[in-house]
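Working notes for the structure below.
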Amino acid sequence: MGLRRDARRAVKLVRNVVKSRNEQRRLAGIQPPEPHRFRIGVYFADGKVNLYQLRQWYKPLATLSQRHPVLILSRASGAALALRDESPIPVAYVRRVADLERVIHEQDLHVIFYVNQNAKNFQMMRYGRRWHVFINHGESDKMYMTTNQFKAYDYALIAGDAARARLEKVLWDYDFDRRAIPIGRPQADHYLDGRPLPYPQDHREVVLYAPTWEGDRSAAAYGSIASHGVELVRALVASGRHRVIYRPHPRSGVVDHEYGAANREIMRLLEQANAADAGAQHIIDTGPDLGWQLAAADVAIVDISAMVYDRLAAGRPLLVTRPVEREAQIDTGGYLSACEWLDAADGEAMAARVSEVAHDEAALERLGYWVERYFGDTTPGVTTARFHAAVDGLMAEWERFAAMHATDPVIDEHDAEGEAAEQSDDVDVD
């Protein structure tokens, strides 16, 4: 068994090396960014599988770039290729520290945004004379949202009062008034953007089912595809009154094969229903674009994940699946203390619960309180204005410090140690 496992690992390593080499050859022809054009960098060290963390920022960043030009700095070849094809923001492939330093030298980056806590973030954070700002890839009450790593950044852009209260419970000696800047959820201003919906406006009630993946440990086993999803979707499809938008997490099934099988069964049910009834137009949504689903659906069913809060920002009926794993950790101090739960049950009971919440005025009133608590004023355009004002303030602060240190000697920012370490790590694996 051990020799067989080692052989599989060796084959996988060789495949990764070949894949990485091919991707790097494809990226070699990309023209470098125009010198001294960009003021904001978005640092992304992850591979293609985690691009969902960056995709949700495409539209807010594209709007911001009209005021302050934005450049994405991608460290992994697979992610860089995907970004080249889909991102509205220019991309620089900076696989090596030397590549990163070249871009830093050629651009005037005043602010660096980070959407996650990848360990390679520290290869960027070593460069001073610029603001390093954590913008995260969503708002939620998960443990990830209260990590002490917030302190590593000069500033953090947070959603609102709930985010600050959550952090205040954990972070000691942190200047929240100066370093934690509330901006709401600028993505919500772009949920629809005037686009036509991919289905007709008819009698059907549109249900967004957007579960998370199965998780890699019991404490984070929030995924509902196997426990709720198959029976739920089967009942919604059978009703004839619903249209399902199914948006599974891209990592669904990577740990648990049964979870992956349940995911495929849901897709089969929807495809079968569409084949039987051309008017059903159920949607299997695995594309990179997230937003219209959150705004358009009459009711949304999500697992404990950032999707709870993405939908919350839309202010429309919302159900959260209750995890069946007893060890799954649930924060009872925020929205989850008062949310509308969907317990695992037979399909008809879950479908009835969906219809109940979709038309419950009291539930909508409770929802309104939590929308304000988490995101502040969600009037269209307000949160984008707050985002821009926050960045304008950071730019002004950069100018103030630059003037104070205008006569300081030039500092050699070359990272010899980082460059040496890369000589033994020649594989760029996504």
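Can you show me the helix-derived [θ] at 222 nm for the chain, built from DSSP H runs with n ≥ 4 at -39,500 (n - 2.57) apiece and divided by the number of residues, rounded to the nearest 500.
-12000 deg cm²/dmol
Tell me the trypsin sites (Lys or Arg not before Pro) within segment 311-372 that lie in a loop according to DSSP and have at most 15 other beta-carbon atoms within 10 Å.
When the trypsin sites (Lys or Arg not before Pro) of segment 311-372 are filtered for loop state and at most 15 Cβ neighbours within 10 Å, Arg326 remain.
For the chain, what % of the accessible area comes from carbon and sulfur atoms, probe 1.4 Å?
Of all accessible area on the chain, carbon and sulfur atoms account for 51 percent.
Which FRET efficiency, nearest 0.05, do Glu168 and Asn148 yield, Cβ-Cβ r, R0 22 Å?
So, using R0 = 22 Å, E works out to roughly 0.95.
What figure in square angstrom, to the nearest 10, would you give for the accessible area of Thr407 with a 1.4 Å probe?
Around 130 Å² of this residue is reachable by solvent.
Given a 1.4 Å probe, how much area per residue of segment 320-402 is accessible, in Å²?
That works out to 52 Å² per residue.
Given a 1.4 angstrom probe, what's the average accessible area per residue across segment 98-199, in square angstrom?
41 Å²
Against the longest alpha carbon principal axis of the chain, how many degrees, from 0 to 90 and to the nearest 10, is the axis of helix 97-106 turned?
Roughly 70 degrees, rounded to the nearest 10.
Evaluate the distance, in nm, between pseudo-label points positioned 7 Å from the Cα of Glu265 and of Ala119 along their respective Cα→Cβ axes.
Using points 7 Å along Cα→Cβ, the separation is 3.8 nm.
Lysine pairs in the chain 8 or more apart or on different chains: how many have alpha carbons under 16 angstrom apart?
Pairs that pass both the separation and distance tests number 4.
What nm distance separates the two modelled labels at Asp177 and Glu365, each placed 7 Å from Cα along Cα→Cβ?
Roughly 3.7 nm, to one decimal.
I need to check one value: relative contact order of the chain, counting alpha carbon pairs closer than 8 Å and at least 6 residues apart, in percent.
Reported relative contact order: 18 percent.
Report, in degrees rounded to the nearest 10, the 0 to 90 angle that the Cα long axis of helix 2-27 makes with the longest principal axis of the chain.
70 degrees
Over the Cα atoms, compute the radius of gyration (one decimal) and Dmax (the largest Cα-Cα distance, rounded to a whole number) for the chain, in Å.
Considering the chain through its Cα atoms, Rg and Dmax are 22.9, 74 Å.
Does anyone have the angle between helix 230-239 and the longest principal axis of the chain? Alpha-carbon axes, 0 to 90°, nearest 10?
Once rounded, one gets 60 degrees.
With both partners inside the chain, how many of the DSSP beta bridges are antiparallel, as a percent to the nearest 5?
So the antiparallel bridges amount to about 0 percent of the total.
Determine, from the Cβ-Cβ distance of Ser218 and Asp193 and an R0 of 60 Å, the FRET efficiency 1/(1 + (r/R0)^6), rounded to the nearest 0.05.
0.95
Would you calculate the separation in nanometres between label points at Val255 and Ala403, each defined as 7 Å from the Cα along the Cα-to-beta-carbon direction?
Rounded to a tenth, the inter-label distance reads 5.2 nm.
The values are calculated or read from the model by the stated rules, or taken from the named source; none is laboratory data. For clarity, every value in this text was computed on a predicted model and none was experimentally measured. Here Cβ is always computed from backbone atoms with ideal geometry, including for glycine, and neighbour counts include all displayed protein chains. When the accessible area is computed, the model is the full protein with side chains, heavy atoms only, and any ligands, DNA or RNA have been set aside. Shrake-Rupley method; radii C 1.70, N 1.55, O 1.52, S 1.80 Å.
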